[in-house]
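Report on one structure; see the data block that follows.
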Amino acid sequence: MKIGVLGAGQLGRMLALAGYPLANRFTFLDTTGHPSAGIGNVMIDTDQRHLESFLANVDLVTYEFEHLPVPLVQAIEAERPVYPSSEAIRICQNRAEEKALFDRLAIPTPAYRLVDSAEGLEAAARELGTPVVAKSVTEGYDGKGQAVLRDPADAADAWRSINHPRLIVESFVDFVREVSIIAVRGREGDVAFYPMAENIHVDGILRYSLAPMPDLDEAVQQRADGYIRALLDELDYVGVLTLELFQCADGSLLANEMAPRVHNSGHWTMDGAVTSQFENHLRAIQGLPLGETRARAPTCMVNVIGREPDPAAVLAIANAHLHRYDKSERAGRKLAHINLVADSHAELLDKVRACAALVPDAPAPEFSFEGTSGES
Ligand code: AMP
């Protein structure tokens, strides 16, 4: 099967690495001019002039990047099967559409308002009660295009700094932890759920993901499974979908955002689950049976951002797996990740601390369950 991938970053690279054992071949279509996949056949097409030769090389199409022109994806959809569909991209590109879908499916979210002026932002902050987070409705990712307002009087400054015609304003959630649920749906509607991960973000960028969580109530996992299943079924979705959530003290979950693709918070599955998110995405889109999603052992993913650690020092940690993306160093750039696998969560935390000491600028790894009886 010849698979076309829209986008050509590290997610595409890891999809290809998972697809070679299935005899898949990959052609990437990069619309940014900065591909980094470094694998397969990469076509750079910033002005949409090479679509025909891309289509001639592929049997079906998926994507690893959702900030794509929707008309382009629709044009491809008219010629080849595209999984997940362009509708998933359209919704995920717009926080207002995404929240409306969550509302329609009764998936709880932080209280929110949509505003289109500094005055509207101030009124929303007053109504919701500060602190609030204001986010541009489109074009935001990794915490970009956002501002926290501690007081409604901050509205004018926040409006200027975000510099976007439409914002979503959300109550600032006092969460216990940030979590994500990743699930995969096959062409026949079969669904498999990964164990939820705890995610630590700093400045909006993911730094650590750990799964399974030692103190996660089974009922909370089931609640998350129910939310993501509703999304998958509503969108008649095929492939891997990610839903990021805030977990509150009472165990309730509030949806933050979703990504219609394999996700950084699922990289732990490459070494910690029976079937990786990448392999399962490829199985799903090709109509193959889904693989088991169970965790093999407590696993933590450590992101490498901006500067790389000494590979030999990282690999000297027992059961550490280094995944480098073959990119040059640049501040804020995702360059690699390390998966640490252990027999117990206590041992895992020791390894995470040892690894964090080797990774330049790694923040202190502080998980919600540390020091609780859930740690074993
Ligand atoms: P986002 O781009 O929406 O994923 O936001 C980036 C990060 O900002 C999240 O991972 C959270 O750490 C934080 N954040 C976003 N929205 C909220 C909120 N409503 N309450 C508290 N923290 C938030």
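The values are calculated or read from the model by the stated rules, or taken from the named source; none is laboratory data. Since the model is a prediction, treat every value here as computed from it, not as a measurement. Cβ atoms come from the backbone with ideal geometry, glycine included; neighbour counts cover every protein chain shown. Heavy atoms of the whole protein, side chains included, go into the accessibility calculation; ligands, DNA and RNA do not. Shrake-Rupley method; radii C 1.70, N 1.55, O 1.52, S 1.80 Å.
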Exercise. Cα to Cα, under 23 Å, and not fewer than 8 places away if on the same chain: which lysines meet these conditions relative to residue 351?
Worked result: 334
For this session: Over the alpha-carbon set of the stretch 111-171, divide Rg by the Kirkwood Rh and report the Rg/Rh ratio to two decimals.
Result: 0.90
Problem set entry | Three semi-axes of the equivalent ellipsoid, the chain, Cα gyration tensor, whole Å, largest first | 30, 28, 21
Seminar exercise, completed: In terms of the alpha carbon gyration tensor, root eigenvalues a ≥ b ≥ c, rounded if a/c is under 1.5 and otherwise prolate when a/b exceeds b/c or oblate, the stretch 2-82 is oblate
Exercise. Under 22 Å Cα-Cα from residue 327, which lysines qualify once same-chain neighbours fewer than 8 residues away are excluded?
Worked result: 144
Problem set entry | ³J(HN,Hα), Karplus 6.51/-1.76/1.60, whole Hz, each residue of the stretch 193-200, x for Gly, Pro | 10, 7, x, 5, 10, 8, 10, 10
Seminar exercise, completed: Taking a probe of 1.4 Å and leaving out DNA, RNA and ligands, the chain shows per residue an accessible area in Å² of 41
Problem set entry | Residue among 301, 213, 196 with the largest mean-square fluctuation in a Gaussian network model of the chain, springs linking Cα atoms under 10 Å | 213
Exercise. Considering only protein heavy atoms, what is the solvent-accessible area of residue 50 at a probe of 1.4 Å, reported in Å² to the nearest 10?
Worked result: 80
Exercise. Carbon and sulfur together cover what percent of the accessible area of the chain at a 1.4 Å probe radius?
Worked result: 47
Exercise. Label points 7 Å out from Cα along the Cβ direction at residue 292 and residue 46: separation in nm?
Worked result: 4.8
For this session: Please list the non-local residues whose amide H lies under 5 Å from the amide H of residue 304, H modeled 1.01 Å from N, same-chain partners needing a gap of 5 or more.
Result: 335, 336, 337, 338
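For a test of the definition: using alpha carbon positions, the gyration tensor, and the 1.5 limit on a/c, classify the stretch 175-356 as rounded, prolate or oblate.
Since a/c reaches 1.5 and a/b is larger than b/c, the shape of the stretch 175-356 is classed as prolate.
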Exercise. Can you pull the accessible area of residue 203 for me, 1.4 Å probe, Å² to the nearest 10?
Worked result: 140
For this session: In a Gaussian network model over the chain where Cα atoms closer than 10 Å are linked, find which of 16, 100, 224 has the largest mean-square fluctuation.
Result: 100
